[in-house]
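First comes the structure, then the notes that go with it.
The values are calculated or read from the model by the stated rules, or taken from the named source; none is laboratory data. Here the structure is a predicted model, which is why all the values come from computation and not from measurement. Backbone-built Cβ (ideal geometry, glycine too); neighbour counts: all protein chains shown. In case anyone asks, the SASA skips ligands and DNA or RNA and just uses the protein heavy atoms, side chains included. Shrake-Rupley method; radii C 1.70, N 1.55, O 1.52, S 1.80 Å.
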Amino acid sequence: MEHCRGRFAPSPTGPLHFGSLIAAVGSYLEARSRGGEWLVRVEDLDPPRVVPGAVGDILRALDACGMHWDGQVIYQSARSDAYHTALHELRQRSLIYPCACSRREIADSAVTGVDGFVYPGTCRAGLPAGKTARALRVNTRNAAIGFVDALQGRIRQDLETDVGDFIIYRADRVFAYQLAVVVDDAEQGITDVVRGADLLDSTPRQIYLQRLLGFATPRYAHLPVAVNAEGEKLSKQTFAPAIDPRRPVPQLVAALRFLGQEIPPALEQADVRSLWDWALGNWNLARVPRARSLGEFSVEGVTGDR
Ligand code: GLU
């Protein structure tokens, strides 16, 4: 059987909720149904956003949901050396440069791209006299990046005009998610990235960094993101309720239905084990709705409508 390794990479900004459960379930099934491994990586790079206790809550909820991971959980906060090595390599090859621009300066002169302002390249040719660096950016060198997402189809970006030279090391001495995720996915040998479609627009940046660093590009499948009636992503900020570890089955059934899987009603009363037996035998990625977001789902304590 073809080797396959997936991962779930939660940011510990709060407990597992319906929105993050979908990414966990989708990545788990895509890996496990093919006999592959499934890893958990805690994306705790950004100290102010880390909520004490959230890691424990997330791991306990996964456990209660019967989703067991392979190997040790990896913490990005402990992986600065690996990110430094990648940064060093990019620097030696003059692929990154220091940038002195403030958010305000960029906002004043930039156009909006696929993910906020497109950096206009002000510091590409060198820092303006008397200015000090606030961040490091990677030179996008006019790269055109295309890939085929298993769910969202063909995606193409011209990085320079759609995104601009992007930050890989921040002013507050934090490695940017884009760099960390690429280094980690490569080092952990991830072959299949299954995650929410809110990250679809980040993927070309990640593929670009993979190419610069000589890493393989995994297969990608971006799942629809659960949104509330206002069209907002379910998250801590939108007060998505935590998964109840004492009653995981209704939430799992709702997540599987959200992902287009046709669960026999009898399984609504099943135990976690029987539900996974069915889900692993019947998982079909092709049934997942090919949308970037979806608002129609309902489970006790969590409802959404279109
Ligand atoms: N840590 C990201 C999140 O929780 C996911 C990153 C990824 O899957 O690449 O949204």
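Computed quantities for the displayed model
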| item | result |
| --- | --- |
| Rg in Å to one decimal, and Dmax rounded to a whole Å, for region 108-219 via C-alpha atoms | 14.7, 48 |
| Gap separating the Cα centres of region 58-124 and region 12-56, nearest whole Å | 18 |
| Relative contact order (percent, whole number), region 25-155, Cα cutoff 8 Å, 6+ residue spacing | 20 |
| Accessible surface of K236 - all protein chains present, 1.4 Å probe, nearest 10 Å² | 100 |
| Approximate spin-label separation E89-K233, in nm, with each point projected 7 Å along Cα-to-Cβ | 2.8 |
| Estimated distance in nm for a label pair at E262 and A129, the labels positioned 7 Å out from Cα along Cα-to-Cβ | 7.3 |
| Alpha-carbon Rg/Rh ratio, for region 156-306, with Rh computed the Kirkwood way | 1.02 |
| Region 32-96, accessible surface, carbon-and-sulfur percent (1.4 angstrom probe) | 50 |
| Protein-only accessible surface order, largest first, of W283, W69 at 1.4 Å | W69, W283 |
| Area of F215 that stays accessible when all protein chains are in place (1.4 Å probe, Å², to 10) | 70 |
| Average accessible area per residue (Å²) across the chain - probe 1.4 Å, nucleic acids and ligands excluded | 47 |
| P(r) tail fraction, region 34-154 - alpha-carbon pairs more than 21 Å apart, % | 64 |
| Computed [θ] at 222 nm, helices only, for the chain once each DSSP H run of length n ≥ 4 contributes -39500 (n - 2.57) | -9000 deg cm²/dmol |
| FRET efficiency for V51 and R103, using Cβ-Cβ distance with R0 set to 30 Å, rounded to 0.05 | 0.75 |
| Separation in nanometres of the label points that stand 7 Å from Cα toward Cβ, at R156 and N284 | 3.2 |
| Total charge dipole magnitude, region 229-288, about the Cα centre, Cβ charges on Lys, Arg, Asp, Glu only, Debye to nearest 20 | 140 |
| Two-decimal Rg to Rh for region 179-234 - Kirkwood Rh, Cα set | 1.07 |
| Total formal charge among the other residues, if their Cβ is under 10 angstrom from that of R205, Lys/Arg +1 and Asp/Glu -1 | -3 |
| Pairs of Cα atoms farther than 35 Å apart, the chain, % | 21 |
| Kyte-Doolittle at least -0.5, axis length at least 24 Å by Cα - qualifying DSSP helices, the chain | none |
| The chain, relative contact order [Cα under 8 Å, separation at least 6], % | 22 |
| Gain upon complete extension [S33, V73; 0.36 nm per residue less C-alpha separation] | 12.3 nm |
| Cut-off 12 Å (backbone N to label point 7 Å along Cα→Cβ of E187), residues of region 54-74 | 74 |
| Relative contact order for region 214-279, counting Cα pairs under 8 Å that sit 6 or more residues apart, in percent | 20 |
| DSSP bridge orientation in the chain - percent antiparallel, rounded to nearest 5 | 60 |
| Packing-based ranking, highest mean first, of 119-130, 94-105 given that Cβ atoms within 10 Å are counted | 94-105, 119-130 |
